[in-house]
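See structure below.
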Amino acid sequence: MSSYSDTDLLSHFSSLLNVFQNEPLQKQQTIKAWCVAFSGGLDSRVLLHLLITSTSLPVRVIHIHHGISDFADDWENFCRDTVVAYDADIEFISKRVAVDSSGSFEEKARQARYQVFEDLLGENEVLLMGHHLNDQVETFFQRLVRGAGLSGLAGMPKSRPLGKGQLLRPLLEVPRASLLKYAQERELSWVEDESNDSLDYDRNYIRHKIAPSFLSRWPSAFTSIARSLSVARQDSESLSFYRDQWLVVNRSLTELNLAALGELPRTEQLGLLSYWVRKRAGHSMSYDQLTSLLNDVVMSQQDAQAVLRVGAFEFRRYQQALYALSITDTEFDGAWSQEITLQPGQVHIERLPDGSCLRLEPDDQGVVFPENRCLIGYRQGGERFKPVGDHHTRELKKWLQAQGVAPWLRSQIPLLYCNQQLVAVADLAVDQAFLCQSGQMGWKVIWQR
Ligand SMILES: Nc1ncnc2c1ncn2[C@@H]1O[C@H](COP(=O)(O)OP(=O)(O)OP(=O)(O)O)[C@@H](O)[C@H]1O
């Protein structure tokens, strides 16, 4: 493993900051402040020192108090004292997060931490984190034994957008030994997390048992593994780029065009399904679940009503589209809603000068939108209306069928009734008797799906 001398590390770090600082950010703006994610451990302690030695920009230091360890208060105090001792104008922020101790609280703590960072990061601010080469390789081993795919195995990115700002990991190519040497030579102090020694945690097991045997056989294994991970990351990002484009062309996130999917080779069908599910449901499917989605739902007869339930999602086919529905969506019972008033929210109604708007007369008292006469509700059955551009009155059920609206979605479309007459089908159609003259002010249903 190639190591960094004290001065090498400092110049590697400064030039990285410089490159990053001069690279255009998302909107070609310059960096306003650096933020440091400071746990008090060795890595972020060295990171903080390197930053303060290298920059003239404002620095904010963020510590997350998880409250899990008995020493959490001591760590917080250590971090505050370290920052104060710099005698510079550095802002110190400590945030407490509540992490319940059930299940994988390591992962929950991690998620809570990133959420705070995301919330705190302002525009043109960059959050620096202390991940180093060993972290990168340990994460790889951890994910390998869990059976991750390419995007999971690909290394952590050196930078990526985070909230309104960016995240940067400037030490990602630096071995931990170099950080230790730097800290010792500068006589920096840091806190040791007592849980780092426990072999109960996978990461510690890899660090203490797997990594040393690897390095004794192949001393530069970590550097070459990291190189492979960065190539894997590039490939995975480029694949995501093309898959995103495919998804944009072939409809939205909630439905997938099966005719277009059918034209692809089977391996790419599986790849795209896996990618789409991850984006839609926020987590991955196992290989067995994916093949079942492809074989039993995607390839099912059009009228088979096949359903696959995974986690909080149901995957269903209707005609040439595959739908991912969050289960709370589908559990709606379709009952008539007595008094869903016309308030902002999922459905709201705006007054606009637009020929496609609704003409709804003021009531006797001159109240323009009398809630007692207009209601938003859901389909009960038997509704009829005369859509704009149509010569006949239509049954809503048949109209929805003709529009290709999937059966389980039909009971979830908000309908606007005025004096018990169906006036608008969400923002999809209005009854022509209620249409405004062009240029007149009218009402428009806005449906935030
Ligand atoms: N409680 C925390 N508060 C602020 N930042 C944190 C916290 N925990 C981790 N980080 C940030 O995440 C990086 C990686 O964290 P990880 O959990 O891998 O290691 P760590 O053992 O906490 O790191 P360190 O040695 O810096 O303490 C840290 O270097 C630091 O920048």
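Whether a residue is among the hydroxyl-bearing types (Ser, Thr, Tyr), within 11 Å of the ligand (Cβ to nearest atom) and out of contact with any Lys or Arg (no Cβ under 6 Å at 6 or more places or on another chain) was assessed, and residue 94 passes this test. Kindly establish whether residue 187 is closer than 30 Å to residue 6 by Cβ and away from the ligand (no atom under 12 Å from the Cβ). Answer is yes for this residue.
Among residues of the stretch 396-410 that are outside the structural domain of residue 315 (by TED's automatic domain parsing), those with a Cβ under 7 angstrom from a residue that is among the acidic types (Asp, Glu), sequence gap 6+ or separate chain, pair up as 396/383.
Scan the stretch 205-237 residue by residue and report those that are within 16 Å of the ligand (Cβ to nearest atom) and surrounded by fewer than 16 Cβ atoms within 10 Å (Cβ to Cβ). 208, the sole residue that qualifies. Does at least one position in the stretch 66-74 carry a residue that is more than 13 Å from the ligand (Cβ to nearest atom) and in contact (Cβ under 8 Å) with a residue 12 or more places away in the chain? No, every residue in the stretch 66-74 fails to be more than 13 Å from the ligand (Cβ to nearest atom) and in contact (Cβ under 8 Å) with a residue 12 or more places away in the chain.
Just checking, how many residues over the stretch 353-380 are in contact with a helix residue (DSSP H, G or I) (Cβ under 7 Å, 6 or more places away or on another chain) and modelled with pLDDT of 75 or more? Counting residues in the stretch 353-380 that are in contact with a helix residue (DSSP H, G or I) (Cβ under 7 Å, 6 or more places away or on another chain) and modelled with pLDDT of 75 or more gives 2.
Just the residues that are of a type in the set (A, V, I, L, M) and exposed (fewer than 11 other Cβ atoms within 10 Å of the Cβ), please, taken from the stretch 238-293. Scanning the stretch 238-293 gives 248, 249, 259.
Scan the stretch 398-405 and tell me whether some residue there is surrounded by 12 or more Cβ atoms within 10 Å (Cβ to Cβ) and touching a Cys at 6+ places or on another chain (Cβ under 8 Å). No, because not a single residue in the stretch 398-405 is surrounded by 12 or more Cβ atoms within 10 Å (Cβ to Cβ) and touching a Cys at 6+ places or on another chain (Cβ under 8 Å).
Within the stretch 44-78, being under 22 Å from residue 89 (Cα atoms) and touching a His at 6+ places or on another chain (Cβ under 8 Å) holds for 75, 76. Summed over the stretch 34-65, residues that are within 12 Å of the ligand (Cβ to nearest atom), over 29 Å from the mean Cα position of the chain (by Cα) and of a type in the set (Val, Ile, Thr) total 1. Reported count of residues in the stretch 421-442, each being within 10 Å of residue 376 (Cα to Cα) and in a loop (DSSP other than H, G, I, E, B), is 1.
Can you tell me which residues in the stretch 252-268 are in contact with a helix residue (DSSP H, G or I) (Cβ under 7 Å, 6 or more places away or on another chain) and within 15 Å of residue 149 (Cα to Cα)? Once the filter is applied, which keeps residues that are in contact with a helix residue (DSSP H, G or I) (Cβ under 7 Å, 6 or more places away or on another chain) and within 15 Å of residue 149 (Cα to Cα), the stretch 252-268 yields nothing.
Residues of the stretch 117-158 that are within 27 Å of residue 209 (Cα to Cα), over 18 Å from the mean Cα position of the chain (by Cα), within 14 Å of the ligand (Cβ to nearest atom) and aliphatic (A, V, I, L, M): 129, 133, 137.
Checked against the criterion of being outside the structural domain of residue 146 (by TED's automatic domain parsing), within 29 Å of residue 134 (Cβ to Cβ), out of contact with any helix residue (DSSP H, G or I) (no Cβ under 7 Å at 6 or more places or on another chain) and in a helix (DSSP H, G or I), the candidates 224, 238 yield just one match: 238. Between 172, 179, 168, the distinction of being more than 17 Å from residue 138 (Cα to Cα), of a type in the set (A, V, I, L, M, F, W, C) and within 13 Å of the ligand (Cβ to nearest atom) belongs to 168 only. Go through (1) closer than 26 Å to residue 183 by Cβ; (2) within 15 Å of the ligand (Cβ to nearest atom); (3) at pLDDT below 95 one by one and return the number of the condition residue 77 breaks. Checking residue 77 against (1) closer than 26 Å to residue 183 by Cβ; (2) within 15 Å of the ligand (Cβ to nearest atom); (3) at pLDDT below 95, the one that fails is (3).
The values are calculated or read from the model by the stated rules, or taken from the named source; none is laboratory data. All of these numbers come straight from a predicted model, not from anything done at the bench. Counting neighbours? That spans all protein chains shown, and the Cβs are built from the backbone with ideal geometry, glycine included.
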